[in-house]
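One structure is given below, encoded as structure tokens.
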Amino acid sequence: MEHHALLLWESRLKKIFVKLDEYLEEKYGQSYPLHPARAQRGSTANNAYDGLFNVGASFSAGIGSRYGPGYVVEVRMVTLSHIPEKIRVEIEDFVVEYLQRELPVEYPERELHVARDGEIFKIYGDLSLGIL
């Protein structure tokens, strides 16, 4: 059973990632063919299962991280085609800028940050859920 505050927190985060997915699909979705097993954009009930992009975040306790606990950001392009490094960096840069802009809008009561943590990007900062 999950705590109500956690469900609320993660539903707000999901809203950010749904909008991010829409933007990335609009800009890059036609640039690369989908993996043969991947559904066309908009053909499933959840955008995590269709289109070129699968974006989201999952909680990490932060063991071994210089930023501690946070949400690891995942941006996956579901294609068999090679994605040039320049395009990957462009997408990663946009994702970080987007999250830095949208997190304060969705969570104005929190101080949250986005940074590279080794090979990954992480959302970290005030992740408190209040009194559990």
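Just so you know, all these numbers are worked out from the coordinates, no wet-lab data involved. The structure displayed is predicted, hence computed values, not measured ones. Note that each Cβ is placed from the backbone with ideal geometry, even for glycine, and that neighbours are counted across all protein chains shown.
Is it true that I83 is of a type in the set (A, V, I, L, M, F, W, C), in contact (Cβ under 8 Å) with a residue 60 or more places away in the chain and either surrounded by 15 or more Cβ atoms within 10 Å (Cβ to Cβ) or closer than 20 Å to R41 by Cα (or both)? Spelling it out, it is not the case that I83 is of a type in the set (A, V, I, L, M, F, W, C), in contact (Cβ under 8 Å) with a residue 60 or more places away in the chain and either surrounded by 15 or more Cβ atoms within 10 Å (Cβ to Cβ) or closer than 20 Å to R41 by Cα (or both).
The residue that is farthest from G118 (Cα to Cα), counting only those in the stretch 40-58 that are touching a residue at least 24 places away in the same chain (Cβ under 8 Å) and outside any helix (DSSP H, G or I), is G51.
Is it the case, given these coordinates, that N47 is among the polar types (S, T, N, Q), under 16 Å from S81 (Cβ atoms), under 13 Å from the mean Cα position of the chain (by Cα) and surrounded by 11 or more Cβ atoms within 10 Å (Cβ to Cβ)?
Numbers: among the polar types (S, T, N, Q): yes; under 16 Å from S81 (Cβ atoms): no; under 13 Å from the mean Cα position of the chain (by Cα): yes; surrounded by 11 or more Cβ atoms within 10 Å (Cβ to Cβ): yes.
No, not satisfied.
Note on the stretch 86-99: among residues that are charged (D, E, K, R) and exposed (fewer than 14 other Cβ atoms within 10 Å of the Cβ), the one that is farthest from Y23 (Cα to Cα) is K86. For the stretch 7-25, the set of residues classified as closer than 17 Å to R110 by Cβ and touching a Phe, Trp or Tyr at 6+ places or on another chain (Cβ under 9 Å) consists of W9, E10, R12, L13, I16, listed by residue number.
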